[in-house]
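Colleague: The structure that follows is given in the form of C-alpha cells.
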Amino acid sequence: MAITLRQRQVHLDFHTSAHIPDVGADFDAAAFAAEMQRAHVNSVTVFAKCHHGHLYYQTDHPARHPGLKQGLDLTGAQVEALHAAGIRAPIYISVLFDEYVANTYPEWIARNMDGSNVGAQPLQAGWRVMDMISPYQDYLAEQTQEILERFKPVDGVFFDICFDVDNFSRDALAAMLKKGVNPEDAAARAQFAHEVTLAYMKRFQKLVHASAPQASVYFNSRPLAGLPQDLRYMTHVEIEALPTGGWGYMYFPKNVRYARTFGKPYMGMTARFHKSWADFGGLKPHAALKYEVCQMMAHGAQCSIGDQLHPRGRLDAAAYDLIGSVYEYAEACEPWTQGAKPATQIGLFMAGGGEYRETPGGTNDGATRMLTQLRHQFDVVTAATSFSPYQVLILPDSITVDDALAAKLRDFLAVGGRLLLSGASGLDASGQPTLPEMGVTVQGASPFQTTYIRFGDAVGANVARTDHVMYERGWRMLPADGATALAKVVEPYFDRNYLHFSSHCQTPPLKQASKYAAAVRNGQVITIAYPIFQAYGTHANLPYRQLVQNCLDLLMPDKLVDVRGPSTMEVTVMHKSRRPTQSQQTIVHLLSFSAERRTDVLDMVEDIIPLHDVALSVRAEAAPRSVLLAPSKVELPFEHRDGRVYVTVPLVEGHQMVVIE
C-alpha cells in the first residue's frame, strides 16, 4: 500500500515513570498544536503506550499511567489538536519494553540461558525485554486494538522495540520443542526468534490495516539488512540515526542508500538532543541539526526530529526554536526535494553488517566514507538487487560470489557493466577465483600482515611516488593471461614479531617489488588484492582512497558530478520531473558541514564555515535552459560543453542546492 509521508516530522517520546505524579498537569492542547505549527512541523508521532508500559489515553485498563491527570485523554487531546491544525498524528506503541507488565507478570519476561532477565538485571535501571511467545503478545494485541478503535481511523502506528530475541523462557523452550527446533543450536534458535518476530509483525500489521487501511505501519529497531522480508509488513522505512546517540555520522548515509532501493517511502530520524534519547536539557547546536536534516533531504528522505515531552506536558520552547529554525529552511526547500529521485552510477554491495546499530568503522563505513569523499553517486545493493541502473558494481572486501551471482554479474558485464572487487570478494573458501572474468590467479593469502603498494602509471595520478604502506593483510595475486597489473606489492624484509622487529612500527620494504599485483585490470573488471575499504575505514590512509578513485576513473571516466572543494563536502544528485510540463530538473545538493571529534565518543557539528566560488560540473547531454540556486531562485551563469554543465557557486553556507532546468 502506497502512503505519503510528510517531510517535517517530530517523533515525540513520553517514557514516563509511574513514580512521577503530575503527568499532564501543564498540558494545553491549543498551545501544543500552536508550538508545532510555529516550528513548521507537519507530522507528529504521539504516544499511546510507553516503555514503562503505561497508557496515556482515556481507558479503564489498569496500565493507564497512575500519575496522569484525572480525566485527561492526553493522546486523544494531542491527536485532536494536531488534526485541527492540519498536522498528521501517527501513534506510538512500545512492544518489547513494558515495565508495568514486567512487574505485574514477571513470568512474561524473556530469559537468558542462565534464567536471568533479557535486558536489565536486578539492581539495574533499565528495560526488561518481554517474551512475545508468552500471553504478553495477546495482552499487547488487546491494547493495540483498543487504541485503533479509540482513534479510528489512525494516521499510522509506529511499533517500537521489535528486535529478534534469543529467548529461553519456559514458553519459548516449549514452542521450540513443539516445532522441532533444537534449543542447543544457536543458528536454529536465531531462525526461530526471527520467525517469531515476523509472525507478530504480520499479526499487528493486519490489525492496523483492518481498522485503518490507509494508515502507515512501521516496526522499529529492526536490522536494515532484513528489509527484503520486513517490508512485507511495513509501509515505509524510518532510519533511526542519532549521530551523537551511538549511531555516528556515517550510519544514515550508509543505510539510506540501501533503504531507498526498495521503492517505498523512507525517512531519516535524528533528535534535538545533545546526546541520545531523553537527554533532558540537552540541545544540539543549530549547525548539527541543520546538517542532519539537510543530509536527509539531499538523499530524498523525509525528515524526523526526535524530542521527549516533559512529564507535565509542556513542550520545551527552546527545543522548538531550534527545530523551527531548521524546519523553516526545510519547508523552503520542499519544491525541489519532494518527489526527487536519486541519480546513481555505482552499486556498492553490502559487506555483511546492516545491523540496527552497526559498529562504526570496517568495510561498509570505509566504502561509504570513501565514495562520499570522492563525490560518487551510489546505492547500496545486494545480490537480489536489479543491476540495470548502474554502470559500475563494487564488491568490497568480502563478497561471496556463488553461481547465481556469478551468472548475474556476467549478464551485467555483457551489457557494458564494469566491476571493481577487493580483498576476498570473488574468491571461494580455498582462496581461488569463482569469477574467471577477474583475470587473476591467487597463490593464497600473503604471509605478511603489512606490505607496501607501488602504484603504476595507470593508477598513479595524485599519488606520491613512493611505496605506500598497507596495514591489512592481502592476497598474493598474479595477472592471468591478457590481464594487466596496475600496481605491485612490495614485501617487507620480515613481519614484525617477538623474533625479529625493526624500530617502532612495521618493517621497511625491500628494494624490489615482488611478482604479486596489488591491483589487476582485466578489461571491464579491476581487482584490488587488499581489503581496501576496511583498511580505509580503519586507518583513513589517503593513498587507499586514491587507488580506488583512479581505478574508478579507468572503469567510468565520465563521472556524473565533479566538485572542487574540500573532501568534507558531501554532494548528491537528484532528478525531479516538473508538472505539468514534465521537464526534468537535476538538483545537486552541496553540503559543507564538518563533524569534529570533541570527546572520545562524540562527533559534533558546531560551526558552519562558508565556502566561496565552488566550481561544479554535471553531466548533461543537452544544454539547460537555466541554472539557479535554491531555495533563493538566484540564476547563475553557466557553460555547456562536451556534454557537461559548468557553473561556479558563489557561496555554500552549510547547504546549497543547484538546480539545472
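Colleague: Roughly how far apart, in whole Å, are the Cα centres of region 581-615 and region 500-531?
Modeller: 35
Colleague: Take each of the peptides 518-530, 108-120, average the number of other beta-carbon atoms within 10 Å over its residues, and list them starting from the highest.
Modeller: Highest-to-lowest ranking by the protection proxy: 518-530, 108-120.
Colleague: In a shell of Cβ-Cβ distance under 13 Å around R111, excluding R111 itself, what net charge do Lys and Arg (+1) and Asp and Glu (-1) give?
Modeller: Net of charged neighbours comes to -2.
Colleague: Multiply the residue gap between D607 and R625 by 0.36 nm, knock off their C-alpha separation, and tell me the result in nm, one decimal place.
Modeller: 2.9 nm
Colleague: Could you pull out every residue, at least 5 positions away or on a different chain, whose amide H is within less than 5 Å of the one on A519? Hs are placed 1.01 Å off N in the peptide plane, and Pro or chain starts have none.
Modeller: Distant-sequence amide H within range of A519: L486, A487, A529.
Colleague: A further question follows. Which value, in Å to one decimal place, does the Kirkwood hydrodynamic radius take for region 562-660 when every pair of different Cα atoms is included?
Modeller: Radius from the Kirkwood sum: 14.7 Å.
Colleague: Sticking with this structure for a sec: Kindly list the residues of region 541-564 that lie in the label zone of A458, defined by a backbone N under 16 Å from the point 7 Å along the Cα-to-C-beta vector.
Modeller: Of the residues in region 541-564, 547-557 have backbone N under 16 Å from the label point off A458.
Colleague: R564 to A120: extension gain in nm, 0.36 nm per residue of separation minus the Cα-Cα distance?
Modeller: 154.8 nm
Colleague: Continuing with this model, one more query. Using the alpha carbon gyration tensor of region 346-558, what are the three equivalent-ellipsoid semi-axes (square root of 5 times each eigenvalue), largest first, in whole Å?
Modeller: Three semi-axes, in Å: 27, 19, 17.
Colleague: Express as a percent, rounded to the nearest 5, the fraction of DSSP beta bridges in the chain (both residues included) that run antiparallel.
Modeller: So the antiparallel bridges in the chain amount to around 60 percent.
Colleague: Report relative contact order for region 562-660 in percent, whole number only (criteria: Cα-Cα under 8 Å, sequence separation at least 6).
Modeller: Computed value for region 562-660: 31 percent relative contact order.
Colleague: Please work out the C-alpha center-to-center distance from region 147-172 to region 326-385 and express it in whole Å.
Modeller: 29
Colleague: Ok, one more. Taking the Cα centre of the chain as origin, sum charge times position over the Cβ atoms of Lys and Arg (+1) and Asp and Glu (-1), and report the length of that vector in debye to the nearest 20.
Modeller: With Lys and Arg at +1 and Asp and Glu at -1, about 1360 debye.
Colleague: So how far, in whole Å, is the C-alpha centre of region 197-271 from the one of region 1-57?
Modeller: 20
Colleague: So what's the net charge close to D307: Lys and Arg +1, Asp and Glu -1, counting the other residues with Cβ under 11 Å from its Cβ?
Modeller: Summing Lys/Arg as +1 and Asp/Glu as -1 gives -3.
Colleague: Go ahead and estimate [θ] at 222 nm for the chain from helices alone: -39,500 (n - 2.57) per DSSP H run with n ≥ 4, summed, over the residue count, rounded to 500.
Modeller: Dividing the helical sum by the residues of the chain leaves -8000 deg cm²/dmol.
Colleague: So if I place +1 on the C-beta of Lys and Arg and -1 on the C-beta of Asp and Glu, and nothing else carries charge, what would the dipole magnitude of region 8-337 be about its Cα centre? I want it in debye, nearest 20.
Modeller: The dipole magnitude comes to about 680 debye.
Colleague: Can I ask one more? Subtract the Cα-Cα distance of D60 and L554 from 0.36 nm times their separation in residues, and report this length gain in nm to one decimal.
Modeller: Length gained between D60 and L554: 170.9 nm.
Colleague: Another question about this same structure. Taking only C-alpha pairs under 8 Å that are 6+ residues apart, what is the relative contact order of region 346-558 in percent?
Modeller: 24
Colleague: Another one. According to the square roots a ≥ b ≥ c of the eigenvalues of the Cα gyration tensor, what is the shape class of region 51-162, taking rounded for a/c under 1.5, prolate for a/b larger than b/c otherwise, and oblate for the remainder?
Modeller: Prolate, because a/c is 1.5 or more and a/b exceeds b/c.
Colleague: A further question follows. Can you give the Rg to Rh ratio of region 8-337, both from alpha-carbon atoms, with Rh computed by the Kirkwood formula?
Modeller: 0.96
Colleague: Give the relative contact order (percent, whole number) for the chain; include only Cα pairs under 8 Å separated by 6+ residues.
Modeller: 11
Colleague: Compute the FRET efficiency between Y471 and S502 as 1/(1 + (r/R0)^6), taking r as their Cβ-Cβ distance and R0 = 22 Å, and round to the nearest 0.05.
Modeller: Computed FRET efficiency for Y471 and S502 comes out at 0.85.
Colleague: Taking the Cβ of H51 as the centre, find all other residues whose Cβ is under 12 Å away and add up their charges (Lys, Arg: +1; Asp, Glu: -1).
Modeller: Cβ neighbours under 12 Å give a net charge of -2.
Colleague: Estimate the FRET efficiency between A332 and L231 by the formula 1/(1 + (r/R0)^6), using the beta-carbon distance for r and 35 Å for R0, to the nearest 0.05.
Modeller: 0.65
Colleague: Just to be sure I understand: of the beta bridges DSSP finds with both ends in region 346-558, what percent are antiparallel, rounded to 5?
Modeller: 60
Colleague: Take the Cα atoms of the chain, find their three principal axes, and give me the spread along each one in whole Å, biggest first.
Modeller: Result for the chain: principal-axis Cα extents of 82, 66, 49 Å.
Here, each number is a calculation from the coordinates, and none is a lab measurement. Quantities reported herein were computed from a predicted structural model and do not represent experimental measurements. Here the Cβ is made from the backbone with ideal geometry for all residues, glycine too, and neighbour counts use every protein chain on show.
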